[in-house]
């Protein structure tokens with residue numbers, strides 16, 4: 001029995017009476033039809049249509065396209081959920097699920113993040129935009145619909161929801177790309193600033209990107225590895241260029257696509273959807289999670305691209321969620337953090353439901369629903385704005401200074417003032433302090449994890465602010481401007497923004513946790529940057545040893561309140577393993593690196609009047 005079957009059996013065993021009733025309720029109120037919809041190039045895509053049993057009125061269509069399968073197959077078999085939420089299922093929509101090209105029961109070939117072609121070479125050329133157009137045209141003529149169509153989807157499905165509104169069919173009136181992929185070299189999934197997301201992508205590619213058998217209803221078998229611990233497995237994996245041969249049995253051609261395109265060349269540029277998100281007509285609700293390692297970048301940049309280049313209704317919601325957490329968890333907590341409410345239920349009932357009802361059913365009003373809704377961790381509060389980032393934010397720079405302090409004033413010392421650490425790629429800094437089995441993807445809670453394990457390492461620099469007297473609410477982009485020198489020709493920089501709790505914590509909402517929170521160093525945001533891309537992601541350049549260079553690192557937006565008695569902390573290191581691959585610290589194609597190519601390097605972070613390394617935060621004025 002393979003891992004996918006084990007996971008399915010486990011999930012089914014966890015379904016209690018309420019879930020069983022939900023499955024029965026869907027089957028009671030909906031009919032199911034399975035069809036093939038023919039695209040303009042003749043390829044047929046497998047589609048399941050769930051229609052309300054009451055046919056006395058017509059209904060809007062809400063469609064999701066997925067590479068992950070639309071189980072259970074068979075017209076008598078119903079899934080536990082057919083829509084984005086229980087509220088929308090109870091509202092009665094025609095829910096359409098479709099296997100993406102080349103996946104499971106659909107014909108054709110799966111092309112990772114199918115590039116959009118603005119000018120089609122001929123009438124049979126297809127991309128995700130044309131496929132969605134052809135889907136809608138067929139559905140309008142073969143379902144009991146009211147002529148209005150919406151799209152939605154999370155993650156890869158969010159990419160389909162975004163690409164489907166480019167040159168959209170006139171019947172598509174709205175879409176909700178949720179945690180959508182946007183640019184997988186800059187900040188989504190595969191890479192962050194050129195660094196390869198090793199652990200999550202290894203597991204994603206071995207399952208999702210295997211060449212599937214035609215008309216398959218099951219995931220391909222995954223491979224067996226003798227090592228259980230992810231850290232040690234990847235430490236000894238060898239050259240990444242040999243992974244397909246050594247581990248995947250050459251069944252994952254997309255892995256080789258990564259290897260032969262190490263830089264931001266035309267292969268990755270064509271898979272950047274952001275330049276094509278312009279003149280969008282349908283209304284858009286972009287949803288993202290502040291604790292989403294995979295596609296927070298995609299959520300933010302999809303919103304900005306559409307908002308900047310379109311004259312439509314585009315909205316953004318950011319909540320305290322992991323990847324897809326608004327649909328898959330209650331959103332009441334994350335790690336040690338307690339939010340005091342079900343933020344997922346709040347979103348589903350008060351934001352998502354009104355949005356789709358208004359545009360697809362012409363029901364209700366959006367007058368009282370703000371364009372931007374964000375949840376601030378720390379003070380556990382929803383904020384409403386008209387723009388993102390909010391126009392009232394004040395940029396505040398925090399400078400690294402002597403004695404590992406973080407100050408609001410530029411250091412007054414001149415000359416060569418720096419702190420340094422020795423980076424050894426044979427002993428990389430782990431991204432999490434917990435033992436994490438290889439087969440469990442990655443530890444999602446690392447994004448709010450206690451960083452004291454890293455502070456104690458000699459290859460991590462730590463800077464702390466003074467104790468805060470008042471609440472400091474930080475929102476929007478974070479920028480690190482670092483002056484760095486190294487003995488090597490390449491290196492990575494990892495920058496962390498951390499909330500340090502008081503050493504003595506009185507009775508408060510953290511007391512229900514089993515974790516010692518006095519002195520807790522909560523990760524708020526972190527990002528990695530590969531130094532050879534400091535000037536250009538397409539054309540990497542070697543670092544000149546001992547030369548001081550200014551490196552700018554843009555971190556994903558945050559929405560967090562540092563409470564009175566807390567401190568702001570900055571940590572800097574050169575590895576984050578195995579969440580991201582190791583840099584051999586030599587200028588080369590890292591995917592070809594062998595054990596002998598990994599060298600130690602001294603890394604210096606300067607903080608003087610001449611070289612003022614800093615972190616710039618955007619602070620919200622006090623309420």
Original post:
Inside segment 333-348, can you point out the residues that are part of a strand (DSSP E or B) and either in contact with a helix residue (DSSP H, G or I) (Cβ under 7 Å, 6 or more places away or on another chain) or without any contact (Cβ under 8 Å) to a residue 12 or more places away in the chain (or both)?
Top reply: 333, 334, 337
Original post:
Which residues, taken from segment 218-244, are touching a strand residue (DSSP E or B) at 6+ places or on another chain (Cβ under 8 Å) and in a loop (DSSP other than H, G, I, E, B)?
Top reply: 228
Subject >> For residue 37: the one exception among (1) free of Cβ contacts under 8 Å to residues at least 40 places away in the same chain; (2) more than 29 Å from residue 346 (Cα to Cα) >> reply: (1)
Subject >> segment 123-167, residues that are in contact with a helix residue (DSSP H, G or I) (Cβ under 7 Å, 6 or more places away or on another chain) and part of a loop (DSSP other than H, G, I, E, B) >> reply: 164, 166, 167
Original post:
Of the residues that make up segment 538-548, is at least one touching a helix residue (DSSP H, G or I) at 6+ places or on another chain (Cβ under 7 Å) and exposed (fewer than 14 other Cβ atoms within 10 Å of the Cβ)?
Top reply: yes
Subject >> Sole exception among (1) touching a helix residue (DSSP H, G or I) at 6+ places or on another chain (Cβ under 7 Å); (2) under 18 Å from residue 335 (Cα atoms) for residue 440, by number >> reply: (1)
Original post:
Restricting attention to segment 349-371, which residues are surrounded by fewer than 17 Cβ atoms within 10 Å (Cβ to Cβ), in contact with a helix residue (DSSP H, G or I) (Cβ under 8 Å, 6 or more places away or on another chain) and in a helix (DSSP H, G or I)?
Top reply: 349, 361
Subject >> Conditions (1) in contact with a strand residue (DSSP E or B) (Cβ under 6 Å, 6 or more places away or on another chain); (2) buried (at least 18 other Cβ atoms within 10 Å of the Cβ); (3) not assigned by TED's automatic domain parsing to the domain that holds residue 292: number failed by residue 206 >> reply: (1)
**OP:** Return the pairs, sorted by first residue and then second, in which the second residue is part of a helix (DSSP H, G or I), the first residue lies in segment 450-464 and is touching a residue at least 60 places away in the same chain (Cβ under 8 Å), the beta carbons are less than 9 Å apart, and the residues are 6+ apart or on different chains.
**Re:** 460/454; 461/404; 462/404; 462/454; 462/455; 463/404; 464/404
**OP:** Find the residue count for segment 208-232, including only residues that are farther than 30 Å from residue 433 by Cβ and touching a residue at least 12 places away in the same chain (Cβ under 8 Å).
**Re:** 12
Original post:
Could you say which residue among 500, 494, 515, 467 is assigned by TED's automatic domain parsing to the domain that holds residue 553, buried (at least 22 other Cβ atoms within 10 Å of the Cβ), out of contact with any helix residue (DSSP H, G or I) (no Cβ under 7 Å at 6 or more places or on another chain) and more than 30 Å from residue 236 (Cα to Cα)?
Top reply: 500
Original post:
What are the residue pairs meeting all of these: first residue in segment 360-377, first residue at positive phi, second residue assigned to a strand (DSSP E or B) and crowded, with 16+ Cβ neighbours inside 10 Å, Cβ atoms under 7 Å, and 6 or more apart or on different chains?
Top reply: none
Original post:
So which of 580, 562, 587 ends up being modelled with pLDDT of 95 or more, under 22 Å from the mean Cα position of the chain (by Cα) and either buried (at least 21 other Cβ atoms within 10 Å of the Cβ) or not assigned by TED's automatic domain parsing to the domain that holds residue 319 (or both)?
Top reply: 580
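The values are calculated or read from the model by the stated rules, or taken from the named source; none is laboratory data. Predicted model, so just to flag it, every value in this text is computed and none were measured. With ideal geometry, Cβ positions are generated from the backbone for all residues, glycine too; neighbour counts draw on all protein chains shown.
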